[in-house]
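A short write-up of the structure that comes next.
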C-alpha cells in the first residue's frame, strides 16, 4: 500500500473516529398489514378463460408493509401485495402520494406483487384478456382507487411503527418450480433459491421477507374464490407457526416457471406449506447484516420491435379471437389518438444492504435468465433479484426467450395491449441499467 492509499484509508487521519466507522448499524424497522380482499364480486386477474367474477373468499388477500432505516438515511419501505401486479398508473399515483404524505422518495418505495392469479383485476391491466361490461370496469376502477389509499396508509403505519431492530440475511431452497417452456427446452432453467431477510425486535423475529421464482398459478382458471395461491398459504403458515411474526412474499424472476404439479386446492396447500417449511427451517440460521442502506431507481425504455397485424399475431403465436379482435380495436384507437407507444418504460430499482448484498427489483414479468445473469456478473455480491416490482406491464424475455418466441417471448404482449414483442436489445438495456445502479450504490 502506498503512503497516499494509507492516508486515504485511515479513518483517524481523515478526522473520523475509529469507533464511528466500526460501530454496528442502528437499524430500525416497523411492520403494518391491511386486508385488501374485495368486498364485492369483482372480475379476477390472470386467466382469460374465466367466465364469471369471484364468488367468495378462500384465503384473504393482504398488503403488508415493512419499513427499515439504518439510523443515518431515509427509510425504505417494501409493500408486499397479494395481487397480479400494479399498473403503471397505480405505481405513479401511489408513489406520488407516498412522497407527498410521508416524504419518502420514490427510490425508497418498492411495490412487490405476489402475482397470484386468484386476486382482483386492477386498473386496465390485461384488459384484452377480459370481456368486461362497463359496470364491471367501473367496479374495478373504484376498487383500484380505494386500494391505492390503503397502500399509502399502510406505508405510513409501517413508518410510524419503527423501533430498534436487527437484520439478518439467509437463503433456503424449495423444489416445486419447473420451467414451463418445455416445447423449447424440456429441462429449462429455474431458480430454486429462497432469499430471506429476517427482522428481530427485542431478540424475537417480527418479520421475514422472502421470495421464490415461480408463478402463483397452482390454482387455475376454474377457481373463482379470492386466494393468494402458494404464496398466500406460505405466509399464513409461517405466521401461524411463529406467533408475532409477519411474513411478506415477493415474487422472484419466475415468469417462465410454474408450480408442479398444480391444479387443486390440495396442491396449493402442499406447495405453500413446503415453502413455509423451507423458510422456517432456515429462520434461526441467518447471518446478521450491517449497513449502510442505499437505494436507487431509474426507468429504462424498452423498444418494441414493431406493430403486429392481427394476422401476424395469429400466425406467429397461434392466437385467436376474441382476443386478437379486441387487441386490434385497442391498437386502432391508440393510433387514431396518436398515442401508440414505441417503447415501454421499465422500472429498475436497487437497494444495497452494507457492502455485499443488493436487492434488484425489476418491473414486468421477468424470466429466470435475468436472475442467473445478474448473479454471474456479480460473483462477489449476494444478488437478490425479484420481478413483478413497481409495474407489471407485460412479459420481459431474455434474448434467448425472445429468439425462441412463444407466449413469454412475445405472444402474451397481446393480452397486455402492447403493439408487439420487444426488440432484440431489451436484455442488454436492462442488465446495463441494473449494473449501473449496483455500482452507484457501492
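The values are calculated or read from the model by the stated rules, or taken from the named source; none is laboratory data. All values reported here derive from a predicted model rather than from experimental measurement. Cβ atoms come from the backbone with ideal geometry, glycine included; neighbour counts cover every protein chain shown.
Within the stretch 326-345, the set of residues being more than 17 Å from residue 423 (Cβ to Cβ) and either loosely packed, with under 12 Cβ neighbours inside 10 Å or in contact with a helix residue (DSSP H, G or I) (Cβ under 7 Å, 6 or more places away or on another chain) (or both) comprises 326, 327, 328, 329, 330, 332, 333, 336, 337, 338, 339.
Can you confirm whether the stretch 203-224 contains a residue that is under 23 Å from residue 357 (Cα atoms), free of Cβ contacts under 8 Å to residues at least 60 places away in the same chain, touching a strand residue (DSSP E or B) at 6+ places or on another chain (Cβ under 8 Å) and in the same structural domain as residue 37 (by TED's automatic domain parsing)? Within the stretch 203-224, one or more residues are under 23 Å from residue 357 (Cα atoms), free of Cβ contacts under 8 Å to residues at least 60 places away in the same chain, touching a strand residue (DSSP E or B) at 6+ places or on another chain (Cβ under 8 Å) and in the same structural domain as residue 37 (by TED's automatic domain parsing). It is to be established whether one or more residues within the stretch 233-245 are buried (at least 23 other Cβ atoms within 10 Å of the Cβ) and out of contact with any strand residue (DSSP E or B) (no Cβ under 8 Å at 6 or more places or on another chain). Among the residues of the stretch 233-245, at least one is buried (at least 23 other Cβ atoms within 10 Å of the Cβ) and out of contact with any strand residue (DSSP E or B) (no Cβ under 8 Å at 6 or more places or on another chain), which makes the answer yes.
Selection of the stretch 413-424 for residues being in a helix (DSSP H, G or I) and either under 23 Å from residue 349 (Cβ atoms) or in the same structural domain as residue 182 (by TED's automatic domain parsing) (or both) yields only 413. Against the numbered list (1) farther than 22 Å from residue 112 by Cβ; (2) touching a helix residue (DSSP H, G or I) at 6+ places or on another chain (Cβ under 9 Å); (3) not in a strand (DSSP E or B), residue 303 comes up short only at (3).
A residue that is touching a helix residue (DSSP H, G or I) at 6+ places or on another chain (Cβ under 7 Å) and closer than 16 Å to residue 421 by Cα cannot be found anywhere in the stretch 350-364.
Suppose the filter is more than 28 Å from residue 27 (Cβ to Cβ) and more than 15 Å from the chain's Cα centre (by Cα); does residue 200 pass it? Judged against the criteria, residue 200 is not a match. Against the definition (without any contact (Cβ under 8 Å) to a residue 60 or more places away in the chain and over 24 Å from the mean Cα position of the chain (by Cα)), how does residue 269 come out, yes or no? No; evaluated as a whole, the condition is false for this residue. Within the stretch 425-438, none of the residues are in the same structural domain as residue 298 (by TED's automatic domain parsing), crowded, with 24+ Cβ neighbours inside 10 Å and in a loop (DSSP other than H, G, I, E, B).
Of the residues in the stretch 300-308, at least one is exposed (fewer than 14 other Cβ atoms within 10 Å of the Cβ) and assigned by TED's automatic domain parsing to the domain that holds residue 429. Taken as a whole, the structure places residue 393 among residues that are within 15 Å of the chain's Cα centre (by Cα), touching a residue at least 24 places away in the same chain (Cβ under 8 Å) and under 26 Å from residue 116 (Cα atoms).
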